[in-house]
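A short worksheet on the structure shown next.
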């Protein structure tokens, strides 16, 4: 009993040290990286926020969604609409003029308010996820059928945003922002501040998700993942739990999309497609499902590998990236975190065996002393 308590305490302190070191490193990054590398890191941190939400629904609840790109895009478009209106100085955005519009569409008007935009970044993706999730989960659509349904959502959303060029910018999307709240987005100080905001949001989201996974609510989610019918027989309605966590993941994806726009300066329907949505699932799978930290590690590792391979081998980087995916999926089915956990258990077992051999090698007199 005491040995188990000591092990748990050591593990908690070890994790605390990892979290603190990671947090400090994130906030010190602007002083160690170039502007280009800092911008890349900021973009990857935004992706990590989405990955945490995806891990909550897939790793903890067993719901595989291939439509997270839609929620990511909705959050990005909400932020882009505000930035475009501010940068145009109250005039009609250029792509609307080219399409023949003479007045600002009614649903664009409220996005002149920054605070309304912040609200919509979260509420719009959550509302769509709540509508889709409630009716599908209520009708007990799950597994591969739900996954296919989310793919259909992606196709519908991309087709809609491409077709409505006068309102969404079409295939080119929305770009050409210059200011946010009156500050120039090209100012290095503004870029640094936006990076710190993104890092702070990621840390806050991570610890919120970690707290959530320690509550009774998380136990129900895991029970739903392992046996939904048993949960229903115990008196819980899985529909509401699954819908809530699906909405939560969509809200996090919307936040990630908005932060992505601030750092990259563009949002288009291509970022909402099936391929980006599948990549998002790979981030979590390679990092390790059901670990949260694995989702963050997988996101950063894969995106940095993608960038590094494309820079070093512009003609063959896709082969390197594909090989990395194959190796991890075949040899590390539990992801990177699974490998680290196995390594930790191996070291702990070896240390325990060494302590036992040392104990039995000592004489009674030595043990008495």
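Structure above, values below:
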item	result
Gaussian network model of the chain, springs between alpha carbon atoms under 10 Å - residue of 204, 73, 89 with greatest fluctuation	89
Full-stretch length increase - residue 138, residue 16 - with 0.36 nm per residue and alpha-carbon distance subtracted	40.0 nm
0 to 90° range, to nearest 10: angle between helix 317-331 axis and the chain longest Cα axis	40
Listed residues 209, 46, 253, most fluctuating in the chain (Gaussian network, C-alpha, under 10 Å)	209
Segment 21-168: mean projected area of Cα convex hull, nm²	11.8
Debye log10 I(q)/I(0) at q = 0.07 Å⁻¹ for the chain, Cα point scatterers	-0.37
Intensity falloff of segment 218-315 expressed as log10 I(q)/I(0), Debye formula with alpha-carbon point scatterers, at q = 0.14, 0.17, 0.25 Å⁻¹	-0.72, -0.96, -1.37
Within a Gaussian network of the chain (alpha carbon springs, distance under 10 Å), most fluctuating of 337, 96, 20	20
If the convex hull is drawn through the Cα atoms of segment 162-296, its volume per residue in Å³	153
Of every Cα-Cα pair in segment 75-120, the percent that sits beyond 12 Å	58
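Read-outs throughout are calculated quantities, based only on the coordinates presented, and are distinct from any laboratory measurement. These numbers were taken from a predicted model, which means no experiment stands behind them.
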